[in-house]
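The values are calculated or read from the model by the stated rules, or taken from the named source; none is laboratory data. These figures come from a predicted structure and were not determined experimentally. Here the Cβ positions follow ideal geometry from the backbone for every residue, glycine too, while neighbour counts run over all protein chains shown. Quick note on the areas: whole protein, heavy atoms, side chains included, nothing else; ligands and nucleic acids left out. Shrake-Rupley method; radii C 1.70, N 1.55, O 1.52, S 1.80 Å.
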Amino acid sequence: METLSVRTSSRTDLRDITGEVAAAVAAGGVSEGICVVYVPHTTAGVTINENADPAVRSDIAATLERMVPWEGPYRHSEGNSAAHVKATLVGFSAVVPVTGGRLALGTWQGIYFCEFDGPRTRKVHVRVIPAH
Ligand code: ZN
């Protein structure tokens, strides 16, 4: 398993990690299998979406903000409940098929680390499970 370090730069930050994940997959040397991208945090997640128009990324972030505003009412004493809820909505893992040693992403897909309580330095685990 490879662990990436991701430095985020604002409270909400959807960061394209496709290149880093692809490099980890290539370094692993598995030709056919499944790549699991896992975020071991409670206020950040991972998703796959469009890599062409950056407005898609900002629309996702803005829509999540409208759905789950930073100011409550929330009960969690740490004051970052919105980040926990957004992370749960996005999810903590992404699965991508690997074929020919490469991620089988669609042409317009990228992998996004989703920070909801930044800026921080975060971890992302990448593991390729061989098909056979
Ligand atoms: Zn918290």
**Message:** Please go through (1) within 18 Å of Arg120 (Cα to Cα); (2) open to solvent by 60 Å² or more (accessible area, probe 1.4 Å) for Asp59 and return the number of the only condition it doesn't satisfy.
**Reply:** (1)
**Message:** Let me confirm something: among Thr18, Thr3, which residue is surrounded by fewer than 16 Cβ atoms within 10 Å (Cβ to Cβ) and either closer than 21 Å to Val124 by Cβ or small (Gly, Ala, Ser) (or both)?
**Reply:** Thr3
**Prompt:** Within the stretch 76-98, can you find the residues that are within 10 Å of the ligand (Cβ to nearest atom) and free of Cβ contacts under 8 Å to residues at least 40 places away in the same chain?
**Reply:** His76, Ser77, Glu78, Gly79, Asn80, Ser81, Ala82
**Prompt:** Could you list, in sequence order, the residues of the stretch 88-101 that are within 8 Å of Val46 (Cα to Cα) and either touching a Gly at 6+ places or on another chain (Cβ under 7 Å) or open to solvent by less than 60 Å² (accessible area, probe 1.4 Å) (or both)?
**Reply:** Val90, Gly91, Phe92, Ala94
**Prompt:** Can you tell me which residues in the stretch 55-75 are more than 16 Å from the ligand (Cβ to nearest atom), more than 25 Å from Leu103 (Cα to Cα) and without any contact (Cβ under 8 Å) to a residue 12 or more places away in the chain?
**Reply:** Asp59, Ala62, Thr63, Arg66
**Request:** Identify the single condition in (1) exposed (fewer than 15 other Cβ atoms within 10 Å of the Cβ); (2) within 15 Å of the chain's Cα centre (by Cα) that Pro73 does not satisfy, given that it satisfies every other one.
**Result:** (2)
**Complete:** Expected output for the stretch 18-34 (first residue within 14 Å of Ala104 (Cα to Cα), partner among the polar types (S, T, N, Q) and in a helix (DSSP H, G or I), Cβ below 8 Å, 6+ apart or cross-chain) is none
**Prompt:** Taking the stretch 37-54 only, how many residues are open to solvent by 40 Å² or more (accessible area, probe 1.4 Å) and more than 16 Å from the ligand (Cβ to nearest atom)?
**Reply:** 8
